[in-house]
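The values are calculated or read from the model by the stated rules, or taken from the named source; none is laboratory data. Predicted model, so just to flag it, every value in this text is computed and none were measured. Backbone-built Cβ (ideal geometry, glycine too); neighbour counts: all protein chains shown. Surface accessibility is based on the protein's heavy atoms, side chains included, excluding ligands, DNA and RNA. Shrake-Rupley method; radii C 1.70, N 1.55, O 1.52, S 1.80 Å.
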Amino acid sequence: MFRVTSDPHRNRLYITLSGHLEGTERQESLKAILAEASRLDPGFGVVTDISALHPSDQEGFKDFLRAKSALKLRGVGPIVRVVKIPLSRMQVTRVSEAAGYEAHSLDSLEAADRHLDALQAGSGPNA
């Protein structure tokens, strides 16, 4: 399952991925992520809730790496994720490192939003 929304006022992208995302559903989630990101200004923050996402296979890893690289090209700013499954945490850390950015891991959506608020406080008019 996936859910992707954006908040242009806060210049923030919200991504929730859970369960086992396979083939078509994974592709649909990636399209939704890029579509919502296009509504935001460069420097946008991202909250990714993967607290219930199970690790993916190698193809899934490659798909998520492509999505992260595309977000980087669109000017992504700070990224905060909520992750609880240890193997998923390791996998998304590898994706982040391979895509060339750092993401902060926190334990709840509320903590992630507060952290992004603090990180974006001085970064521009949409902060």
Q) Would it be correct to say that Val4 is crowded, with 19+ Cβ neighbours inside 10 Å, in contact with a Ser or Thr (Cβ under 8 Å, 6 or more places away or on another chain) and of a type in the set (Val, Ile, Thr)? A) yes
(Q) Taking the condition of being assigned to a helix (DSSP H, G or I), open to solvent by 40 Å² or more (accessible area, probe 1.4 Å) and either closer than 18 Å to Gly19 by Cα or free of Cβ contacts under 8 Å to residues at least 24 places away in the same chain (or both), how many residues in segment 54-76 meet it? (A) 4
Q: For segment 9-36, name all the residues that are assigned to a loop (DSSP other than H, G, I, E, B), touching a residue at least 60 places away in the same chain (Cβ under 8 Å) and not polar (S, T, N, Q).
A: His9, Arg10
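Could you grab me the full set of residues in segment 37-53 that are open to solvent by 40 Å² or more (accessible area, probe 1.4 Å) and either part of a helix (DSSP H, G or I) or within 25 Å of Gly19 (Cα to Cα) (or both)?
Ala52
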